[in-house]
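Right, one structure below, let's go through it.
The values are calculated or read from the model by the stated rules, or taken from the named source; none is laboratory data. As the structure is a computational prediction, the values presented were derived from the model and not from experiment. Here Cβ is always computed from backbone atoms with ideal geometry, including for glycine, and neighbour counts include all displayed protein chains. Protein only, heavy atoms only, side chains kept; ligands, DNA and RNA dropped before computing areas. Shrake-Rupley method; radii C 1.70, N 1.55, O 1.52, S 1.80 Å.
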Amino acid sequence: MYKEHSHQHPTRKRFFFQYFKKKTVYWKNKRQKEMEVEPKNFKTICVFCGSSAGKKTSYRDAAIELGAELVSKNIDLVYGGGSIGLMGLISQAVYDGGRHVIGVIPKTLMPKEITGETVGEVKAVADMHQRKAEMAKHSDAFIALPGGYGTLEELLEVITWAQLGIHDKPVGLLNVEGYYNSLLSFIDKAVEEGFITPTARHIIVSAPSAKDLVKKLEEYVPRHEKVASKKSWEMEQIGLSPTCEISR
């Protein structure tokens, strides 16, 4: 009886076929429009960088150049709170340009990383864990200047947060004179060996100049499959109360 009944309604079959075909086209077009977003307008960018200035003058020049780029786009700065090294240079450049500067620093590091007068607002926190959470909470995007272990640790954690779905903020490397080439090669090797998905590789944006990097960050659209929706994450996992958010 089922076959007999189905043959009696070929029009209904065509209707459902056309309906699902239209729905497929609709969702495909909707997805494409979502990918074609307008460039973002950042209010605040978090910059990870060293408390050392490095050996090359190009590193110092890059920090000042990035500060000037943020000022030109009316973007405020969140950074590690130090007054020395690249941290001191970029914070001074942004502050001198009339933009707001927030420095977040663990109390135990204040004697080491703050010498002389600091600029802008300084937030003292309990530890490194809280420092990263606080910096992320106040930022619309992240940029890493050349730096050492601390810079890499901060950078890789926000990349991991993006992969997991805790936030969808763009993450950029200011690759001054190829400083981060070895890191990018390592990540590409991890993709090749199956430890990082090709779409998750897209999380990291890099450019040799501040102007090009900020432009790329403005045009960034996430492509990777997240582990979970950012709404489902408990903010306590990264040192925040349930009322605080680092996602957007």
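In this rough spin-label picture, where each label sits 7 Å from Cα along the Cβ direction, the VAL191-HIS129 distance is 3.3 nm.
Taking every protein chain into account, the 1.4 Å probe leaves ARG223 with about 130 Å² of accessible area, to the nearest ten. The simple Förster model, with R0 at 41 Å and r as the Cβ-Cβ distance, assigns SER72 and THR108 a FRET efficiency of 0.70. Between ASP212 and THR199, the contour length at 0.36 nm per residue exceeds the Cα-Cα span by 2.5 nm. Keeping the other protein chains in place, figure out the carbon and sulfur percent of the accessible area of the stretch 88-183, with a 1.4 Å probe. Percent of accessible area from carbon and sulfur atoms in the stretch 88-183: 53. Per residue, the accessible area of the stretch 80-230 comes to 45 Å², computed with a 1.4 Å probe over protein heavy atoms only.
With each label modelled as a point 7 angstrom along the Cα→C-beta vector, the ASN181-VAL221 pair spans 3.2 nm. Pairs of Lys residues in the stretch 55-170, spaced 8 or more positions apart or belonging to different chains, with C-alpha separations under 28 angstrom: 22 in total. Packing, as the average of other Cβ atoms within 10 Å across residues, places the peptides 135-144, 118-127 in the order 135-144, 118-127, highest first. Extending 7 Å from the Cα toward the beta-carbon at both LYS43 and GLU121 defines two label points whose distance is 1.1 nm.
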